[in-house]
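Working notes, beginning with the structure itself.
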Amino acid sequence: MQKQLEYYLPFKLDETKLTAIVDTAHEHLVGAQHVLLTDRFEVFFSEVDREELNSLDEVLALENSRARRIQRIIVICASALQPSNAMEREIEIDFGAKKRNTSGGRSTVVSINIQSNDAVWARHALSAVEQQVERTWQRYTVAGIWLLVIVAATGVMFFSLSPSMRPSPTVTSSTMWLNGSDLDRAQLLLTKGNVLSEEDSREVLTMQLRNVVRDQTTDSQISPKAERRFYLLAAACLFVLGCAVMLLAMCYPHAVFYWGDGKERYESALTMRGVIWTILRSVTIVAIVGSIFAGIVGSEFFNDK
């Protein structure tokens, strides 16, 4: 019978964890006398470049260089009964297999495949190997949440201050294009009589036209100072988005084989991750605090002269 599990989770496989996985497989494969244990390791550097090795030491001795970087490892441990040498049990762990996901793309997975005629043994072996494999998982959930929060906050701040979101005119047709002080003046003129004189009518019309012209010119134009602030904020937002893309593309690898030159690459990614996160937090805080204290939120951002 066959038992199989698949995981769509990022992993970091180092020398200690790989050794523990192989040792665990050996412990469960040795169960009868005159058992022959065999190990086989398939190491993929690309889809066409692969090596087949027969010992764990040979795998860990690989340079794992930048030019020839390990992308996938299949560990196959099997036991056979002598003298027939017929395969009795087999444990296969595949780190870095490519599987098509529901969206049509390809995802990196870790799979465990157990083959044996003994269902009880297969279940226990699967559980033991699974515990060792779980130690390789990378926990990126918290970082992903923070990244989404920062990008979302930056986007909201940018669009809320964009010209398309500027405040509505201060006077509207519902008030006959008269503001508060103009309405007070109109009320005073009406107290002098039921009908406005020609001179009073011209005064009211002048106030209306003045308000319409002022609203059209003021709301359609942004002052040079406010425009500079807007472009500065836009540059900050684009910088934050660029940092976010770099974080996802370079600083959170899905498959890490942590030996040889792979150690240096992973440590470099961690250093870059720390620097970018520091920059992201600083730029976001400065942009938000600067927006508040500079008085560029709301109508003041566009009416500042």
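The values are calculated or read from the model by the stated rules, or taken from the named source; none is laboratory data. Bear in mind that the values here come from a model prediction, so they are computed numbers and not experimental data. When we count neighbours, we look across all protein chains shown, and the Cβ atoms used for this are built from the backbone with ideal geometry, even at glycine.
The table that follows gives values for the structure above.
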item	result
Criterion: in a strand (DSSP E or B), aliphatic (A, V, I, L, M) and assigned by TED's automatic domain parsing to the domain that holds Gln131 - qualifying residue of Ala20, Ala78	Ala78
Odd one out for Pro253, checked against (1) surrounded by fewer than 16 Cβ atoms within 10 Å (Cβ to Cβ); (2) assigned to a loop (DSSP other than H, G, I, E, B)	(1)
The listed residue being modelled with pLDDT of 80 or more, part of a helix (DSSP H, G or I) and within 43 Å of the chain's Cα centre (by Cα), out of Gln131, Gln208	Gln131
Contacts under 6 angstrom Cβ, first residue in the stretch 223-249 being at pLDDT below 80, partner among the hydroxyl-bearing types (Ser, Thr, Tyr), 6 or more apart	Cys237/Thr154; Val240/Thr154
Candidates Arg72, Arg89, filtered to the one that is at pLDDT below 95, within 22 Å of Glu130 (Cβ to Cβ) and buried (at least 18 other Cβ atoms within 10 Å of the Cβ)	Arg89
Test for Glu63: is it in a loop (DSSP other than H, G, I, E, B) and either exposed (fewer than 14 other Cβ atoms within 10 Å of the Cβ) or in contact (Cβ under 8 Å) with a residue 60 or more places away in the chain (or both)	yes
Selection count, the stretch 27-41, where residues are surrounded by fewer than 16 Cβ atoms within 10 Å (Cβ to Cβ) and under 12 Å from Val75 (Cα atoms)	2
Test for Gly193: is it surrounded by fewer than 14 Cβ atoms within 10 Å (Cβ to Cβ) and either modelled with pLDDT under 75 or closer than 29 Å to Leu9 by Cα (or both)	yes
Pick from the stretch 107-123, criterion aliphatic (A, V, I, L, M) and assigned to a strand (DSSP E or B), ranking: farthest from Pro10 (Cα to Cα)	Ile114
Check on Gly104, modelled with pLDDT of 90 or more and either at positive phi or outside any strand (DSSP E or B) (or both)	no
